[in-house]
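No lab work stands behind these numbers, since they all come straight from the coordinates. No experiment lies behind these values; they were computed from the predicted model shown. Note that we place each Cβ from the backbone using ideal geometry, even for glycine, and neighbour counts take in every protein chain shown.
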Amino acid sequence: MARAGKALKQVLQNYGISQNRLAVTMGIARSTVHYWFNETQDPQADAIPAIVTALESIEPAAARAFLEAYLGRSLTDWPAHGE
């Protein structure tokens, strides 16, 4: 599967966030997060911002870690807006 599922699994495990907590925070079925976590389905592109928003509300560092794992690079490597 693609990188989003792997990134999500890594972050949820590293930060001790349950699949259920993420699902409830996102307002989606736990089974959807389960599919992502087990890499049987990858989140659609439009779900990525919702995942980040949910992770930010649970644990901001987890949101950053998810984005970095998903993008495959540190966010500090990106130029600041307007540069």
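Structure data summary
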{"item": "Length released on extending from Ser31 to Ala45, taking residue separation times 0.36 nm less the Cα-Cα span", "result": "3.2 nm"}
{"item": "Percentage of interatomic Cα-Cα distances in the chain larger than 22 Å", "result": "18"}
{"item": "For region 25-36, 3J(HN,Hα) per residue [Karplus equation, 6.51 cos²θ - 1.76 cosθ + 1.60, θ = phi - 60°, Hz, x = Gly/Pro]", "result": "5, 7, x, 10, 5, 4, 4, 5, 5, 4, 4, 5"}
{"item": "Charge dipole (debye, nearest 20) of region 3-77; +1 at Cβ of Lys and Arg, -1 at Cβ of Asp and Glu", "result": "160"}
{"item": "Cα-projected label distance for Val52 with Glu68, points at 7 Å along beta-carbon direction, nm", "result": "1.5"}
